[in-house]
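Following: one structure in structure tokens, then a few remarks.
The values are calculated or read from the model by the stated rules, or taken from the named source; none is laboratory data. No experiment lies behind these values; they were computed from the predicted model shown. For neighbour counting, all protein chains shown are included, and Cβ atoms are generated from backbone atoms with ideal geometry for every residue, glycine included. With ligands, DNA and RNA removed, areas are computed over all heavy atoms of the protein, side chains included. Shrake-Rupley method; radii C 1.70, N 1.55, O 1.52, S 1.80 Å.
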Amino acid sequence: MRKKIVAGNWKMNLTLAQGEQLINDILQAGLKLEEGQEVVVATPFPYLLKAKSLLKNYPGFYVAAQNCYSEKSGAYTGEVSAEMLQSIGVDYVILGHSERREYFQESNAMLAKKIDQVLANGLKPIFCCGEPLAIRQAETQNDYVAKQLEESLYHLTVEQLKNVVIAYEPIWAIGTGLTASSAQAQDMHAFIRSQIANKFGREAALHTSILYGGSAKPGNAGELFGCADVDGGLIGGASLVAADFVAIIQKLS
Ligand code: 13P
């Protein structure tokens, strides 16, 4: 019904040769993806073309950028547009990762514009949301995430929303070794789905893939992916180790 996705976010890691080796090692595992399952590799910009060509004969394997700019084109030195990404065959674009929000001051409003650029060019955003530790401790995470969804996604049409993947990444779980429990993940994913249903309708909500991210590993992925509203994962550290990434993908079924 809705796609099950494991996406590896390499962040700012690996050389081209190391990245090529990693993709080849993943492919060597001979994974048999089931209908509706997808694997996405989010490499740094300079490796996207290479990653796309390595994966081109592997159905179910896709390539993602980790960001793009909020404007269509023009005098924005150093930036990369959604149209450029589309022109080299990129499939997905991660938007709103907490590291971009924190280190590059990306606001919900700016992310709404990035989402528009990505969708206008026929690419699919993987929209990240999630609360910092202080918000979780204050038990106001639902309000916090609701606002992120509202300010970045609620201007979309139902048709547009169908191309959006959401990733819930509690900031306190990213790279910390501290994973959300499966109950915490399920609660938030169900909440996100209910928000989407309220705004876009039940049908759209049921078709929206919601991934979990934050210290997902082979040892906890099975339990997380077993939750009713968890449709896969956005994997950081463990996506840099072929055996771990493959083991996580295998937990999808
Ligand atoms: P880790 O899996 O390293 O915690 O990173 C998660 C993440 O930020 C994926 O985008």
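Looking at the chain, which longest stretch skips every one of the GluC sites (Glu not before Pro) that is in a DSSP loop with at most 13 other Cβ atoms within 10 Å, leaving the sites themselves out?
Answer - 140-253.
I need the Kirkwood Rh of segment 178-225: take the reciprocal of the average 1/r across all distinct C-alpha pairs and report it in angstrom.
11.5
Can you give the alpha-carbon Rg of segment 199-253 over 2.2 N^0.38 Å, where N counts its residues?
Numbers: Rg = 12.5 Å, N = 55, 2.2 N^0.38 = 10.1 Å.
Relative to the 2.2 N^0.38 Å estimate, segment 199-253 comes out at 1.24.
Could you tell me the convex hull volume per residue, in Å³, taken over the Cα atoms of segment 109-253?
Here the figure is 113 Å³ per residue.
Once you sort the root eigenvalues of the Cα gyration tensor of the chain as a ≥ b ≥ c, which label holds: rounded (a/c under 1.5), prolate (a/b larger than b/c) or oblate (the other case)?
Rounded is the answer for the chain, as its axis ratio a/c remains below 1.5.
Taking 0.36 nm per residue of separation and subtracting the Cα-Cα distance, what length does fully extending L16 through A134 add?
38.7 nm
Which pairs break 28 Å Cα to Cα here: K124/K199; K32/K72; K50/K114; K72/K251?
K32/K72; K72/K251
What spacing in nm lies between the two simple spin-label points modelled at V80 and A243, each 7 Å away from Cα in the Cβ direction?
Distance between label points: 3.0 nm.
Once you have all Cα-Cα distances for segment 16-59, histogram them in 5 Å bins from zero and send the whole-percent values.
Pair shares across the bins are 5, 20, 35, 24, 12, 5, 1.
Considering the zone a paramagnetic label at Q250 would reach in this model (a point 7 Å from Cα along the Cα-to-Cβ line), which residues of segment 37-76 have amide N under 19 Å from it?
Only 37-40, 61 fall inside the zone, counting backbone N under 19 Å.
If you project the alpha carbons of segment 47-154 onto the principal axes, what extent comes out on each, in Å, largest first?
Principal-axis extents of segment 47-154 (Cα, largest first): 47, 35, 25 Å.
Based on the inverse mean of 1/r over its pairs of different Cα atoms, what is the Kirkwood hydrodynamic radius of segment 31-105, in Å?
13.5
Of all the accessible heavy-atom surface of the chain, with the other protein chains kept in place and a 1.4 Å probe, what percent is carbon and sulfur?
Ligands and nucleic acids excluded, carbon and sulfur reach 51 percent.
Convert 20 °C to kelvin, take the viscosity as 1.002 mPa s, use the Kirkwood radius over C-alpha pairs of segment 98-161 as Rh, and evaluate the Stokes-Einstein diffusion coefficient in µm²/s, rounded to a whole number.
170
Just the accessible area per residue of segment 1-129, please: how many Å² with a 1.4 Å probe?
On the way: 6240 Å² over 129 residues.
Using a 1.4 Å probe on heavy atoms only, each residue of segment 1-129 averages 48 Å².
Apply 1/(1 + (r/R0)^6) to the Cβ-Cβ distance of Q28 and Y144, taking R0 = 45 Å, and write down the FRET efficiency to the nearest 0.05.
0.65
Round to the nearest 0.05 the FRET efficiency obtained for Q105 and K56 when R0 = 41 Å and r is the Cβ-Cβ distance. Please report the intermediate quantities before stating the final value.
Values: r = 36 Å, r/R0 = 0.88.
Result of the calculation: an efficiency of 0.70.
Mind checking the dipole of the chain: about its Cα centre, +1 per Lys or Arg Cβ, -1 per Asp or Glu Cβ, Debye to the nearest 20?
Its charge dipole is roughly 360 debye.
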